[in-house]
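Scroll down for the structure; my scribbles are underneath it.
Throughout, read-outs are computed from the coordinates displayed, never taken from laboratory work. Bear in mind that the values here come from a model prediction, so they are computed numbers and not experimental data. Positions of Cβ are backbone-derived with ideal geometry, glycine not excepted, and every protein chain shown enters the neighbour counts.
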Amino acid sequence: MSSLPLVSHDSPDSIIAHRADGAVTLRQFLAEVSQLGALFPAGNHLLNMCSDRYRFSVGLAAAIVAGKVSLLPSTHTPGVVRQIRDFAPDVFCLTDSDLCAVEMPQLRYPDMAVVQPGAFAIPQIDSKQRIAVVFTSGSTGAPQPYPKTWGALVSSVRAEALRLELPHNTPCTMIGTVPPQHMYGFESTVLMAWCNGNALSHTHPLYPADICQALAAVPTPRVLVSSPVHLRALLDAGLALPEITRVVSATAPLSARLAQDIEARCNAPLMEIYGSTETGLIATRRPTQTAEWRLLPGIKLVVEGDCVRACGAHIETPTAMNDLIEPVTDEHFFLLGRIADLVNIAGKRHSLASLNHLLNTIPGVVDGAFYMPDETGHDHITRLAACVVAPGMDAPHLLAALREHIDPVFLPRPLLFVDELPRNDTGKLPRSALQALFQARSTPKSA
């Protein structure tokens with residue numbers, strides 16, 4: 001394949017998005033892409049910071065058509081912005097906020113002119129064109145850049161659509177609680193709408209009432225693209241939910257119990273997707289039916305000692321996975337946790353991901369995470385700590401519940417009770433955020 005269409009919708013009147021003022025046709029979308037592209041300054045790179053998902057998608061499409069590369073870090077802290085400027089000195093920022101304070105040339109998303117009927121053509125994009133550079137979250141170090149080509153991304157989201165059983169050109173609307181700058185939201189909300197004939201919601205709801213409102217604002221069928229932290233909050237809120245066709249979750253594995261509760265509450269099948277910034281989506285599972293993950297067609301896992309590499313299909317370069325993976329067959333595997341999560345205390349090993357899973361299955365625990373402090377000396381045994389949201393519980397009861405499942409050397413001391421964990425927009429919990437939380441609470445309520 002030498003080129004692929006920017007979007008796979010068949011008619012200029014096809015609905016490609018829903019925003020506050022109503023549905024957006026493909027003709028309107030492409031006209032706005034052209035209008036925005038004409039305003040782009042010189043340079044080959046842009047930082048797309050639009051929080052409105054539709055505006056983000058117009059900015060992304062305009063950059064692709066103009067041959068520019070969108071830079072997509074998962075956060076926009078001053079340190080990350082400095083790294084972006086060092087990576088691409090010609091970068092400018094596309095923003096839809098009057099309060100954007102990013103220190104680089106800015107282009108404010110404009111008011112668009114009314115579209116008049118006229119010539120209509122869908123741009124064809126070279127499959128080898130580099131359209132984006134996504135950056136890792138930096139949870140284990142400085143964010144690292146990974147370039148993405150148009151052909152590889154299209155291949156990935158088309159395979160995802162088939163696995164999610166979203167038939168081509170079924171007018172599903174993708175509602176995402178994850179930002180479009182994150183690899184998961186990028187693929188599963190924006191590109192899924194473009195490449196599978198679906199539509200996207202312009203919203204980025206985080207709180208349960210906002211999620212319900214965003215769902216109700218678009219027609220059925222609806223697909224909710226979310227994360228465990230947002231789905232748990234939605235369950236706990238007990239609000240009446242509009243009809244949902246399918247729920248998609250990623251960023252952290254769901255427990256079987258939480259998955260069952262979500263399916264029952266949403267009255268819809270729940271699919272989890274697994275991947276990484278480096279590889280994009282590589283596998284799926286329905287956690288209410290199996291703990292095994294199933295690779296997408298064409299993707300293979302190659303075991304090289306302790307390292308597992310993913311290759312094939314849309315993965316253009318064999319890539320080492322940062323997770324502990326146990327292959328079951330050529331197509332199926334178990335996910336055991338992140339390599340960086342392995343802790344060794346008094347000669348005993350455990351995965352932080354596994355410990356977190358156990359912690360969050362205890363009745364009464366709303367959210368929780370273990371934390372391994374930095375080593376302080378050769379003669380000192382570093383003890384695990386944990387931060388937990390568990391209204392009505394105290395340390396002795398929680399430790400007693402944990403003792404039923406884990407070796408005493410892994411019991412957290414201190415055990416810090418908080419009102420909420422400092423998760424980011426995708427539900428992830430950077431180690432630096434946990435570290436700052438413990439440092440700020442010098443005298444926590446502990447066992």
The chain: angle of helix 53-66 to the longest principal axis, Cα-based, in degrees nearest 10: 60
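What ranking do HIS18, HIS182, HIS397, HIS76 get, fewest neighbouring Cβ atoms within 10 angstrom at the top?
HIS397, HIS76, HIS18, HIS182
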Percent of Cα pairs exceeding the 31 Å cut-off, where the set is the chain: 43
Hull surface divided by four, with the convex hull built on the Cα atoms of region 346-440: how many nm²? 6.5
In which sequence would PHE334, PHE410, PHE56 go, from the one with the fewest C-beta neighbours within 10 Å to the one with the most? PHE334, PHE410, PHE56
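Just need the relative contact order of the chain here, percent rounded to a whole number, with Cα pairs under 8 Å and 6+ apart.
Numbers: 881 pairs, mean separation 48.3, N = 447.
Averaging sequence separation for qualifying contacts and normalising by length gives 11 percent for the chain.
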